[in-house]
Structures are given as structure tokens and as C-alpha cells.
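Trainee: I have a structure here, written as C-alpha cells, and I will follow up with some questions on it.
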Amino acid sequence: MKKVLIPAAILVLGALLTAGIVSSRKEIDVQPREEPLTRVRTLTVQKGDVELSVESQGTVTPEVEADLVAEISGRIDWVSDSFEDGGYFRQGQHLLRLDRREYELNVASAEAQLAQARVGLAREEAEGQMAREEWQELGTGEASPLTLREPQLAEARARVMAAEATLAKAQLDLERTTLKAPFSGRLRRKTVDLGEFVNRGTPLATLYSVAVAEIRLPIPDAELAYLDMPLGATAGPRGPEVELTADFGGAEQTWNGRIVRTAGEIDPNSRMVPLIAQVADPYSSGSAPPLSVGLFVQARIRGKTAEGVIEIPRAALRGSDSVIVVDDENRLRTRTVDVLRTTETTAILRGGLESGERLCMTQLDTVTEGLRVQPLDTSESLETPPEPIG
């Protein structure tokens, strides 16, 4: 009996213990798993007025440039200190002089010829007067022109005129021995020097004016829509303002000018419209260094003002006309926008967004419409561990 009762008692006791354990256990509260939200940067947009500037670049050139050419032949016997590459000069300043002796002799000879011709004219006038008086006393009828010495008088007058012309030519050649600056400017380069013999038509130097500098700034023809400067127009002093910058003297320098006109034709190779900018008095002693000829500059042309538009970073555009908006429930929404203009860094929108809306600035591999995200505060970093939102 003991062999039967002891195992049975053990089984009953085990069953009672198991039932007690099962009846005393607590219910487990199962919580659903919460996935971490994607963190994105946002930009709150605002409508405003934006100036539509146009970017370009070009090389500084003089408004006026001319070759100084010898109008007579001769040996150079004097040059000015300004007659050097890069030398400055004033309008009317003497730059160089040719040997004058031969031309002074020509003037003296022409003066003597003129004096002789005038004496001959006076003699013919006296003889003509005598011929008329004699005919009135002795002649009958109408006297012939030859009798009154009219052809001889006309010839004497012609000789005087020819002598006067010869003298004027000799005086002009003598004046041309001294070459003067036609305008105030600078000497780009010289091709002759003291002691050289030059012939008529020989180039002596290249000069350019320093009163105004010009810069040819090509832009696409579509960019004209953003400027108050129609094709073929001459704006003069009221043209669009332009800011020129260049690295010069180890620092970035700035000069201000205006667009005064467009070029006469569109460039056939690039299909660009060249605008001509001018900077007055580019060599003045102001805060900026001289705007030297040949300097390569970047240009920012001030254009029209677009009112009530939104300017966003170019990177915020998805495709050509879409953006991602974070709505009030922190969900992503794709929005089609009306793009007025894009540059390398910005896009200007004239429709599709309203002030106060948040733009998603994070580049996502895939965008799920309605996906809930966690907008980042401007003080947060993308490297900060994400915090789930309850």
C-alpha cells in the first residue's frame, strides 16, 4: 500500500502547487512597438519682395582707344616723360616732337612765294586799272577782257591763292612736328622712341582715355526679362546699376557703375546678349584701387523687384516645380509650385506656398505621402539621436 499511496500523494501535491502558481500569476501588459520617426530639417517660408539681379562677368576695356600716328616724316628729337608704357597725360599735352628744321624752311619758302605772288597781283591790278583808263580815253565800243588785262589779273589772284595754300600746308606740317594728346588718358604701349626716323603713317603709340571704363557683360536673352533694359536700348545714366568685384591687390575690391546700352548684335556663337557697363572716372583716388584696363571682373546687375514672392534654397526643389511640405500634423506633403526664376543657389516662387508653411530641407531617398516625421529645431543637429514622439 505504501508503494501506491506515496507516489499518488506526490502527484496530488504537485498538481495543487501548479494550480496555485497559475492562479497567482499577474497579467502582462503588452505595449505596441513604437518605431522611431524620421528627423528632418524644416524652413519656415515668408512672402516678400525680392530684387531680381543678374550675374555676369567681363574684362575692363577703355571707352576710347586710339593709335597715335605720324602725319609727316622726320626724326624724333624729343619725347615727354609721359611717353612711356603706362604713362598718364592730359588732353593737349605734348608727347613727342619731330625735327622741325626742314618744315621751318618750308614755311619760310612759302612765305616768300606768297609775298612774290602778292606783288604780282598788285602789279596786275595797277596795270588793269591803267588799261581801263586808257580805253576810256582812246578806245571806242566795248573793250575785250584781254585788253583790260582781266585774264592776267585772274591768273595773279590764282597765284596768290596757291601761295597761300602752300604756306598753310607748310605751317600745318610744321605744327604736326609736335604730337599732342587728343584726350586725357594713359599710354598703353609705344612703338618708337627718341632718335628714330618715322615715315608718314607710322604708328607711334596706342593711347586710351581714363575718363570712362567699359565692361562687356554677356547674359542670356531670357535674363533681359528681369532687367529694365530692352534689347537694342540705350539707357544712358539711368540704366540699371551694376556692382563689379574682383580680386585685386590681395583683397576683393568693389566698383559701382551702370548699364548704358546693349551691344549692336547678339553673339552668333554663344547666343548671348552683350550689355555694356560703364564706370566713370575709374582711376580716381577713392577707397577702391583703379579699375585697370584688362582686369577680369564679376558683375551683379540690379534688376526689377518681384513683389509677394517666396525665395527658397535651390536644393529644396524636387524636380523642376515640386517641393516637400511638412503640414500641421508633421506629415510630408508633395506640393507643386510656380517657379518664377532659379539661380545656382536659390529659387523664387510666385505661387504654390503661403507664408508660415514649413518646407522640408532634408534630402530623403524616398518620400512617402503622408509620412509622419519629426521636424528638427534650428538648434538641433542631424547627428543627435532621434527622440520618438508619443
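The values are calculated or read from the model by the stated rules, or taken from the named source; none is laboratory data. On a predicted model such as this, the values are computed, not experimentally measured, just so you know. Here the Cβ positions follow ideal geometry from the backbone for every residue, glycine too, while neighbour counts run over all protein chains shown. These area figures cover heavy atoms from the full protein model, side chains too; ligands, DNA and RNA do not enter into them. Shrake-Rupley method; radii C 1.70, N 1.55, O 1.52, S 1.80 Å.
Trainee: Find all pairs meeting these conditions: Cβ atoms under 6 angstrom apart; at least six residues apart or on different chains; first residue within region 191-203 and touching a residue at least 40 places away in the same chain (Cβ under 8 Å); second residue of a type in the set (S, T, N, Q) and part of a loop (DSSP other than H, G, I, E, B).
Mentor: Close Cβ pairs (under 6 Å, with a partner that is of a type in the set (S, T, N, Q) and part of a loop (DSSP other than H, G, I, E, B)) amount to N199/S73; R200/S73; P203/T191.
Trainee: A further question follows. Can you tell me which residue in region 81-116 is most open to solvent (accessible area, probe 1.4 Å), limited to those that are aromatic (F, W, Y) and closer than 14 Å to Y208 by Cα?
Mentor: Looking at residues that are aromatic (F, W, Y) and closer than 14 Å to Y208 by Cα, I get Y88.
Residue-by-condition table, conditions (1) open to solvent by 60 Å² or more (accessible area, probe 1.4 Å); (2) of a type in the set (F, W, Y); (3) touching a Lys or Arg at 6+ places or on another chain (Cβ under 7 Å):
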| site | (1), (2), (3) |
| --- | --- |
| R331 | yes, no, yes |
| L349 | no, no, no |
| Q363 | yes, no, no |
| T368 | yes, no, no |
| L376 | no, no, yes |
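Trainee: From the list T366, T336, which residue is farther than 18 Å from G48 by Cα, among the β-branched types (V, I, T) and modelled with pLDDT of 90 or more?
Mentor: Of T366, T336, the one residue that is farther than 18 Å from G48 by Cα, among the β-branched types (V, I, T) and modelled with pLDDT of 90 or more is T336.
Trainee: So is Q57 of a type outside the set (S, T, Y), surrounded by 13 or more Cβ atoms within 10 Å (Cβ to Cβ) and more than 42 Å from the chain's Cα centre (by Cα) or not?
Mentor: no
Trainee: If you scan region 252-279, which residues turn out to be assigned to a strand (DSSP E or B), among the polar types (S, T, N, Q) and surrounded by fewer than 17 Cβ atoms within 10 Å (Cβ to Cβ)?
Mentor: Within region 252-279, T254, N256 meet the criteria.
Trainee: What strands (runs of 3 or more DSSP E) completely inside region 322-361 contain at least 2 residues that are under 17 Å from R39 (Cβ atoms)?
Mentor: 322-326, 358-360
Trainee: Looking at region 61-71, can you tell me whether even one residue there is of a type in the set (A, V, I, L, M, F, W, C), open to solvent by less than 100 Å² (accessible area, probe 1.4 Å) and at pLDDT below 90?
Mentor: no
Trainee: Scanning for something more than 26 Å from E127 (Cα to Cα), surrounded by 13 or more Cβ atoms within 10 Å (Cβ to Cβ) and in contact (Cβ under 8 Å) with a residue 24 or more places away in the chain, does region 151-159 turn up at least one residue?
Mentor: Within region 151-159, none of the residues are more than 26 Å from E127 (Cα to Cα), surrounded by 13 or more Cβ atoms within 10 Å (Cβ to Cβ) and in contact (Cβ under 8 Å) with a residue 24 or more places away in the chain.
Trainee: Then there's this: What tally of residues in region 117-141 results from selecting those that are open to solvent by 70 Å² or more (accessible area, probe 1.4 Å) and in a helix (DSSP H, G or I)?
Mentor: Residues flagged as open to solvent by 70 Å² or more (accessible area, probe 1.4 Å) and in a helix (DSSP H, G or I) within region 117-141 amount to 13.
Trainee: Same structure, new question: Restricting attention to region 200-236, which residues are at pLDDT 90 or above, polar (S, T, N, Q) and open to solvent by 60 Å² or more (accessible area, probe 1.4 Å)?
Mentor: Those that are at pLDDT 90 or above, polar (S, T, N, Q) and open to solvent by 60 Å² or more (accessible area, probe 1.4 Å): none in region 200-236.
Trainee: Residue by residue through region 280-305, note down the ones that are open to solvent by 10 Å² or more (accessible area, probe 1.4 Å) and not in a loop (DSSP other than H, G, I, E, B).
Mentor: Scanning region 280-305 gives A280, F296, Q298, R300, T305.
Trainee: Out of A222, A165, I need the residue that is within 30 Å of R123 (Cβ to Cβ) and either within 14 Å of the chain's Cα centre (by Cα) or without any contact (Cβ under 8 Å) to a residue 24 or more places away in the chain (or both). Which one?
Mentor: Residue meeting the stated conditions: A165.
Trainee: Moving on. Without any contact (Cβ under 8 Å) to a residue 60 or more places away in the chain and either touching a Pro at 6+ places or on another chain (Cβ under 8 Å) or farther than 18 Å from A222 by Cβ (or both): which single residue out of D338, D327, D281, D321 fits that description?
Mentor: Sole residue among the options that is without any contact (Cβ under 8 Å) to a residue 60 or more places away in the chain and either touching a Pro at 6+ places or on another chain (Cβ under 8 Å) or farther than 18 Å from A222 by Cβ (or both): D327.
Trainee: Right, next: May I ask you to list the residues in region 237-251 that are outside any strand (DSSP E or B) and surrounded by 13 or more Cβ atoms within 10 Å (Cβ to Cβ)?
Mentor: G239, P240
Trainee: Kindly provide the set of residues from region 176-199 that are open to solvent by 20 Å² or more (accessible area, probe 1.4 Å) and either part of a loop (DSSP other than H, G, I, E, B) or in contact with a helix residue (DSSP H, G or I) (Cβ under 9 Å, 6 or more places away or on another chain) (or both), ordered by number.
Mentor: Hits for region 176-199 are R176, P182, F183, S184, T191, D193, L194, G195, E196, N199.
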